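Just below is one structure, and these are the notes that go with it.
The values are calculated or read from the model by the stated rules, or taken from the named source; none is laboratory data. As the structure is a prediction and not an experimental result, all values here were calculated from the model. Ideal geometry is used to build each Cβ from the backbone, glycine not excepted, and the neighbour counts take in all protein chains shown.
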Amino acid sequence: MTTVKTILDSYERTGSYRKTAREVGVAHNTVRRYVLRAQAAREGTIDAIVPESREIIQPCRVVTDEIREKIHRILENNRHKQKKQRCNAKLIWRYLLRDGHSLSYTTVKREVAAWKETYGYRE
């Protein structure tokens, strides 16, 4: 969780939206929005940027070890099945969404491709 003050301090140090975004761990458009609001507050156009205690909550959508284990377990269980009966990346992604994980289909597809490259199915 990042506070607006952290974003503004980092921007003052780096002078770049993208460098600040990388350093703080938020999107560069978020950095831009808060920097512009801070400038408007200094000029008196708006009353305040946001309350000082405001925190930006951005969920982590990176593949965690738990998600990677689930994907690998499903692929391992499919090893003995015939090709048409195996779970594909889209089906695995739907399972993960149903279980409450939030990640993109492309992320799952990339992880499945990496597993296949390493372990691969034997035809």
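Quick look at the numbers
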read-out: Output for region 22-61, where each listed residue is acidic (D, E) and at pLDDT below 70; value: E52
read-out: Test result for R33, in a helix (DSSP H, G or I), surrounded by 11 or more Cβ atoms within 10 Å (Cβ to Cβ), under 15 Å from the mean Cα position of the chain (by Cα) and of a type in the set (D, E, K, R); value: no
read-out: Residue in region 5-29 that is surrounded by the most Cβ atoms within 10 Å (Cβ to Cβ), counting only those that are over 15 Å from I57 (Cα atoms) and in contact with an Asp or Glu (Cβ under 8 Å, 6 or more places away or on another chain); value: S10
read-out: Residue within region 44-56 that is surrounded by 16 or more Cβ atoms within 10 Å (Cβ to Cβ), assigned to a helix (DSSP H, G or I) and among the aliphatic types (A, V, I, L, M) present; value: no
